[in-house]
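The values are calculated or read from the model by the stated rules, or taken from the named source; none is laboratory data. Predicted model only: the values in this text are computed from it and were never measured. Backbone-built Cβ (ideal geometry, glycine too); neighbour counts: all protein chains shown. To get the accessible areas, we keep the full protein, side chains included, count just its heavy atoms, and leave off ligands, DNA and RNA. Shrake-Rupley method; radii C 1.70, N 1.55, O 1.52, S 1.80 Å.
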Amino acid sequence: MDFFEVVQRRRSIRRFKRVKIPEEDVVKIMEAGRAAPTDATLHLWSAIRVVDETKRAEIARLIEQPHVEEGAEFFVFLADLYRLGELLRYRGNDIVEHRLALFVFAAIDAALAAENMALAATALGYGSCFIGAVQNAPRELIKILNLPKLTYPLFGLVIGVPDEYPPPRPRLPLDMLFHLNEYRRYTEAELKNAFTEMSRVSKSGNWLRLLIKYAGRGGYFDSRGTTLETLLKELDFI
Ligand SMILES: Cc1cc2nc3c(=O)[nH]c(=O)nc-3n(C[C@H](O)[C@H](O)[C@H](O)COP(=O)(O)O)c2cc1C
């Protein structure tokens with residue numbers, strides 16, 4: 001498949017056939033993740049491939065994402081400063097005291113690796129879906145996956161043989177996403193148009209409801225933020 005075709009073909013798949021992916025394809029997909037850029041060669045990410053069916057079922061139930069169990073493969077991506085700390089310790093050094101910036105770059109590293117994997121999966125004819133819902137139960141995931149301090153579960157990626165091929169989901173217009181030389185403020189007309197463009201996101205056509213559910217006052221990200229802050233302290237990130 002041509003690269004641009006792969007990019008356009010990728011979409012979040014939430015229904016999978018209950019069949020396995022050949023190991024050689026899984027390795028190809030993991031190699032694509034490994035090939036992603038990483039800030040200063042620090043490799044601030046890891047992923048846990050969850051093959052244990054009981055663990056996978058438990059995670060799917062905890063975060064209420066049945067497709068996590070239905071896909072052939074499930075990876076949990078971590079911000080991982082633990083390995084970096086170990087490498088430095090092994091050579092008689094220590095990790096920086098202020099680690100928040102490393103956490104941010106770890107999230108970037110992890111996202112780049114995961115998107116490479118999602119695209120590789122698409123190129124091989126598989127489907128995938130990012131799973132940010134791991135943020136709804138990070139404490140439980142830390143236990144289930146036996147994560148050491150200085151690691152944090154950022155998101156999951158489920159990959160499998162697709163059993164659906166939904167139409168492409170809408171995106172904001174190009175000129176709302178890209179600014180030229182400086183940040184251009186949005187006009188009221190553009191804001192109105194954004195809701196019109198994005199109304200194809202669901203049958204009800206109500207994009208606002210989605211925005212509010214996640215990011216409006218009292219939305220998911222309110223409690224995710226509180227938990228994240230507490231955990232980043234407990235796990236020695238800040
Ligand atoms: C960081 C991130 C977290 C996501 N979390 C979830 C999730 O927990 N569950 C889910 O079904 N989809 C999840 N998605 C998929 C998005 O809903 C999807 O990418 C978006 O609706 C656009 O659709 P598309 O991927 O088909 O283009 C996530 C996507 C990203 C990038």
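Taking Rh as the Kirkwood radius computed over C-alpha pairs, what is the Stokes-Einstein D of the chain at 25 °C in a medium of viscosity 0.890 mPa s, expressed in µm² per second?
125
Could you give the dipole magnitude of segment 3-168 about its Cα centre, charging the beta-carbon of Lys and Arg +1 and that of Asp and Glu -1, in debye to the nearest 20? Working shown, then result.
Values: 21 positive and 22 negative charges, 31 e Å.
Value, rounded to 20: 160 debye.
So if I restrict to the alpha-carbon atoms in segment 152-200, what is the Rg, and what is Dmax, the biggest pairwise distance, in Å?
In order Rg, Dmax, the Cα atoms of segment 152-200 give 16.4, 43 Å.
For segment 125-142, in order, what is each residue's ³J(HN,Hα) by Karplus, 6.51 cos²θ - 1.76 cosθ + 1.60 with θ = phi - 60°, in whole Hz (x at glycine and Pro)?
So the J values, rounded to whole Hz, are x, 9, x, 8, 8, 6, 10, x, 4, 4, 5, 7, 8, x, 4, 5, 5, 4.
Calculate I(q)/I(0) for segment 15-130 by the Debye formula, one identical point scatterer on each C-alpha and no solvent, and give its log10 at q = 0.15, 0.20, 0.21 Å⁻¹ to two decimals.
The Cα Debye sum returns log10 ratios of -0.74, -1.10, -1.16.
Taking segment 1-53 on its own, what percent of its Cα-Cα pair distances exceed 17 Å?
Here the tail beyond 17 Å accounts for 62 percent of pairs.
Of all accessible surface on the chain at a 1.4 Å probe, what whole percent is carbon and sulfur?
56
How big is D for segment 37-100, in µm² s⁻¹ as a whole number, if Stokes-Einstein is applied with the Kirkwood radius of its Cα pairs at 25 °C and 0.890 mPa s?
Working: Rh = 14.0 Å.
Approximately 175 µm²/s, per Stokes-Einstein.
With every protein chain left in place, what is the accessible area per residue of the chain in square angstrom, probe 1.4 Å? Can you show the working numbers first?
Numbers: 14410 Å² over 238 residues.
Using a 1.4 Å probe on heavy atoms only, each residue of the chain averages 61 Å².
Quick one: which residues, 5 or more positions from residue 17 or on another chain, have an amide H under 5 Å from its amide H? H modelled 1.01 Å from N in the peptide plane, none for Pro or chain starts.
Sorted by chain and number, the residues that satisfy this are 161, 163.
Between the alpha-carbon centers of segment 16-31 and segment 163-238, tell me the distance in whole angstrom.
Segment 16-31 and segment 163-238 have Cα centres spaced 31 Å from each other.
List the residues, sorted by chain then number, that are 5 or more residues from residue 46 or on another chain and whose placed amide H is less than 5 Å from its amide H.
Residues meeting the amide H criterion: 78, 80.
Mean Kyte-Doolittle of at least 1.0 plus a Cα span of 30 Å or more along the axis: flag which DSSP H helices in the chain meet both, please. Each step should come with its number before you reach the end.
Values: long enough: 100-123 (35 Å, 1.67).
In the chain, the long hydrophobic H runs are 100-123.
Restricting to DSSP H runs of at least four residues, report the calculated mean residue ellipticity at 222 nm for the chain, -39500 (n - 2.57) per run over all residues, nearest 500 deg cm²/dmol.
-14000 deg cm²/dmol
Please build a GNM for the chain, connecting alpha carbons under 10 Å apart, and tell me which residue among 94, 109, 163 fluctuates the most.
Taking springs between Cα atoms under 10 Å, the residue moving most is 94.
What is the packing order of peptides 48-54, 132-138, taking the mean over residues of other C-beta atoms within 10 Å and listing the highest first?
So the peptides 48-54, 132-138, ranked by packing, come out 132-138, 48-54.
Hey, if you put +1 on the Cβ of every Lys and Arg and -1 on every Asp and Glu Cβ in segment 3-168, which of 121, 87, 101 ends up farthest toward the positive end of that dipole?
Of 121, 87, 101, it is 101.
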